[in-house]
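Q: Let me give you the structure first, and then I'll get to my questions.
The values are calculated or read from the model by the stated rules, or taken from the named source; none is laboratory data. Fair warning: this is a prediction, and the values are worked out from it, not measured in the lab. Neighbour counts are summed over all protein chains in view; Cβ atoms, including those assigned to glycine, are modelled from backbone coordinates with ideal geometry.
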Amino acid sequence: MTETDFKLEIPATAFRRPNRFERFTNSSPRFYRGSLTLVIHDINFASCYSDNIVALKDGNVWKHGKAGEMIEPQNLKEIFGIDFNIQDINNCKICMYYR
């Protein structure tokens, strides 16, 4: 990371209120120019709001790439060990993993 880059780890619970995440991402460019690394533990937030995703497995970098390439059923099964149904909703890949 360079001096103009920074990293945030924000729990998904911080974005439970409607539009809070959109307000955060839309306001960020006003005060910051550079890259932002945001650690998101919710796969659907990551899918919808990330340009790139770094997937960790067993504490190590497993794979990284463009969000659209990473959110694929085979990749997710290799990481999590369960089947995923991916739906395209409003041009966003949403992972359905509940039974």
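Q: Give the residue, chosen from Ala14, Ala67, that is at pLDDT 80 or above, in contact with a Lys or Arg (Cβ under 9 Å, 6 or more places away or on another chain) and on the phi < 0 side of the Ramachandran plot.
A: On inspection, the qualifying residue turns out to be Ala67.
Q: Same structure again: Can you pull out every residue in the range 60-99 that is touching a residue at least 40 places away in the same chain (Cβ under 8 Å) and basic (Lys, Arg)?
A: Correct list: Lys93 only.
Q: For the range 67-99: of the residues being among the β-branched types (Val, Ile, Thr) and exposed (fewer than 13 other Cβ atoms within 10 Å of the Cβ), which is nearest to Ala55 (Cα to Cα)?
A: This residue is Ile82.
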